[in-house]
Structures are given as structure tokens and as C-alpha cells.
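The values are calculated or read from the model by the stated rules, or taken from the named source; none is laboratory data. From a predicted model like this one, the values you see are computed outputs, not experimental measurements. So basically every Cβ, Gly included, is an ideal-geometry build from the backbone, and we count neighbours across all protein chains shown. For the accessible areas, the whole protein counts, side chains as well, though only heavy atoms, and no ligand, DNA or RNA atoms are used. Shrake-Rupley method; radii C 1.70, N 1.55, O 1.52, S 1.80 Å.
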Amino acid sequence: MELPDPAALDRLADRGWPALEREPLQGWMLRASAGVTNRANSVLTSGEVEDVAAAVADAERWYAARSLPAVFQTSPASPAPLPGVLAARGYREHSVTDILVADRAGVADGWAEAADVRLADSPSDAWLGTWWSVDSRGGTADREVALRILTGGPALYTSHGDPSAPDAVARLAVVGEWGGLYAVATRPEARRRGLARDLARTLAHAASAHGVIALWLQVVAGNAPAHALYAALGFRRASGYSYWSPS
């Protein structure tokens, strides 16, 4: 498959995990969701601005008005001077992440229907409970915000095991002809059984009926086991990004 450009991937991921509040800042996008998840509470900087330092200052004021820290998501599509401007203002880079892509059909290869795997177009309380227990992003209020983000656009949800307490879950955001794999979570006691692989294949198979022809996902650059899993499914690196937060 032809690799999409970094800006296109940044926009896909933005649509696949939509912030509750959004406001353009020239070619950037300000995003806020009560502090729940970096992506939904950061500046998407994949675009041009007239003055990088002035745009950073404008963003800082926007987040301060919401009692949130200004966090910037940078990628190869960001203005070249931006990292230097942020470093000079006391920001630190973290959460370096790779963006991987694959043909949907290739990921779906080897899929087989299983009685203990379920598919839905919305997350059940049990699905959310498993994801939240593994990802641990906060309390009840934060969980409600996360649910609004999850359901902010069309997506497919799959789970494995007991319907009342799944041992593994995953989500596929449907964005046009692309599907974004998010919220892949397996309870510690159920790991090393290939459940994440099986759920990814289930979602890839189901996505065909929604017109999806290609997939993307994000994985932390240093997560070797995850990289090995997705490489075996046919994913390859297309781009990457990181976050910059105040020190």
C-alpha cells in the first residue's frame, strides 16, 4: 500500500479520537476534554501558523482559561521551528509514538468466527470496565468523559470472554476508508494468549462491510512486544508523533 503523508495520518487520528471541545488556531487545532487523554487535550500542530511563538502563546492562554496545561502534539507535519520554541519555553518532550498502517484485508487474513468473541457498534458497560481497568485514567467523572470521546464518531467494538467482564477489548474508529485501532486492552491474567491479535483480526474483518480498506494504529515507540504483534499482522511504520508538556 502507498503510505499516507504524516499530516493525513494526524488528521485521521484526530477524527478517530475526537475531543469534546475544538477551536482552530490558524492551521492548528486546539482540543480539550477535561484533561482526559493527551490526544483530546492537546494542540494538533499539523499545519502552518504565521508566527510559531505567537501561536504557542495564544494556545497557552486558551488552555489556561480552561484550567488545563498547554500540551502540544508534534509530528513531521508540524512547523520545523516548533520543538525549539517549546524547549526554550520550558516544555519537555514525552510519549514518543509510532503510527503504523496496514491493508485491512491482510490484517483480516486468518480470521475465524469464535463463540467467545463479540462485536458491537457501541461500548457496553462491561467493555468500558475492562478498558478502564487496564488503562486506569481516573475516576468516575473521567470515565464519563472517556465514554463521550469513544462514542464521538462511528466505531466498532469487540471483546473476548465473559460478556459481563471481558478479558480483552478493542475499538476500531471508522473514518471514511480508514479504520483506526484504539483502546486495545487485555487484563493481566489473560495476556500472552493472542487475544489482542484475534480482536484486531475480528475488527479488520468486520470493517469490510463499512467500506474500510486500510488501517492505522499508534504504539509507543519503545513497546517492543506491541511492535512485534502488529508487524506479524502486516503493519509497518508510516509516521510518528510526540507530546510536549510544561516541565
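Quick look at the values:
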{"item": "Segment 118-175, residues that are of a type in the set (Ser, Thr, Tyr), within 16 Å of the chain's Cα centre (by Cα) and open to solvent by 60 Å² or more (accessible area, probe 1.4 Å)", "result": "SER136, THR151"}
{"item": "Tally, over segment 55-106, of residues that are aromatic (Phe, Trp, Tyr) and either touching a Leu at 6+ places or on another chain (Cβ under 7 Å) or surrounded by fewer than 17 Cβ atoms within 10 Å (Cβ to Cβ) (or both)", "result": "2"}
{"item": "Which numbered condition ALA204 fails, given (1) open to solvent by less than 20 Å² (accessible area, probe 1.4 Å); (2) in contact with a Ser or Thr (Cβ under 8 Å, 6 or more places away or on another chain)", "result": "(2)"}
{"item": "Count - residues of segment 79-112 that are part of a loop (DSSP other than H, G, I, E, B) and under 15 Å from VAL43 (Cα atoms)", "result": "1"}
{"item": "Residue match in segment 57-77 (condition: more than 20 Å from TYR182 (Cα to Cα), assigned to a loop (DSSP other than H, G, I, E, B) and among the basic types (Lys, Arg))", "result": "yes"}
{"item": "Any chance ALA141 is out of contact with any Phe, Trp or Tyr (no Cβ under 9 Å at 6 or more places or on another chain), of a type in the set (A, V, I, L, M, F, W, C), closer than 18 Å to GLY106 by Cβ and assigned to a helix (DSSP H, G or I)", "result": "no"}
